[in-house]
1. Counting only residues that are touching a strand residue (DSSP E or B) at 6+ places or on another chain (Cβ under 7 Å) and part of a helix (DSSP H, G or I), which one in the range 61-85 is modelled with the lowest pLDDT?
2. Which residues, counting only those in the range 97-138, are within 19 Å of Leu77 (Cβ to Cβ) and aromatic (Phe, Trp, Tyr)?
3. Quick one: count up the residues across the range 68-85 that are closer than 21 Å to Arg159 by Cα, in contact (Cβ under 8 Å) with a residue 12 or more places away in the chain and open to solvent by less than 70 Å² (accessible area, probe 1.4 Å).
4. Do you know which of the residues in the range 111-142 that are under 16 Å from the mean Cα position of the chain (by Cα), open to solvent by less than 70 Å² (accessible area, probe 1.4 Å) and not hydrophobic (A, V, I, L, M, F, W, C) is farthest from Val62 (Cα to Cα)?
5. May I ask you to list the residues in the range 86-110 that are part of a helix (DSSP H, G or I) and without any contact (Cβ under 8 Å) to a residue 12 or more places away in the chain?
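The values are calculated or read from the model by the stated rules, or taken from the named source; none is laboratory data. Model, not experiment: these values are computed from the prediction. Methodologically, a virtual Cβ is constructed for each residue, glycine included, from the backbone with ideal geometry; neighbour enumeration extends over all protein chains shown. We work out accessible area using only protein heavy atoms, side chains counted, and drop any ligands, DNA or RNA first. Shrake-Rupley method; radii C 1.70, N 1.55, O 1.52, S 1.80 Å.
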Amino acid sequence: MICFEPWRTHFWQRGTRIEQKLIATMSFLNDPPFHECSMAFLGFTIREIRVRLLVIDSHYLVAMEAEQVLGEALGCLVTIAMPRDVDTLLMEGAFDVMLIDIDFVTEALWGRIQRLRQAGAGFVFTSVDSRHRSGVPGFQGIPVVLKPFDDERLVEVVRNVNGAVKRF
C-alpha cells in the first residue's frame, strides 16, 4: 500500500489545481519503479507500507507456494524460514503475520507465540490434519489453513489476521 503525504510539500501548497496534481501523479504511478526521490517534483512524499509475513514450514516447496500466493494477492514482503532459522529471524526483524506449520509448534515456541501476539503480531497455523480444521486445542483464536492450500482461503485468512493485528 502506498501512503501519500502531499501536505508536507511546497508543490501542494501552490496555486496548482487539484485536477492537475492528480493527473500528474496518476500518470507517473503507471511508470514503475517510483521512489520518494523521483516523486519529489510532484510534491508528494511517499512511504511504502507493506505487510511483513514470515512463513515457517519444514517443507520448502510448501513455503514457496505460500510466498507466491500471498505475495501476488497481498503484495506482502514474505520471508521463508525453515524451523531451524526461526530464532535468528525473530531476533532480526518484526513481522506482522506469521504462517507456521502446526507440527513445528512446541511448548517452548508456544510461549514465544503468546508474547508476540501480545506485542501485536498475527498468527496463522497450517496443517495437513483435517482434525485441525476448526482450530487447534490449546491455541484459541489462531486460525488454521489446511494443506494443500486453497489459495483464496489462505489469502482471506491472512488478510483477516493482518487486519486484526495491533498497529503502533
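1. If we take residues in the range 61-85 being touching a strand residue (DSSP E or B) at 6+ places or on another chain (Cβ under 7 Å) and part of a helix (DSSP H, G or I), then Pro83 is modelled with the lowest pLDDT.
2. Phe123
3. So the answer is 10.
4. The selected residue is Gly120.
5. Matches in the range 86-110: Asp87, Thr88, Met91, Glu92, Glu107, Ala108.
Here is a yes/no grid of residues against (1) assigned to a loop (DSSP other than H, G, I, E, B); (2) closer than 18 Å to Pro83 by Cα:
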| residue | (1), (2) |
| --- | --- |
| Arg112 | no, yes |
| Gln118 | no, no |
| Pro137 | yes, no |
| Glu152 | no, no |
| Val155 | no, no |
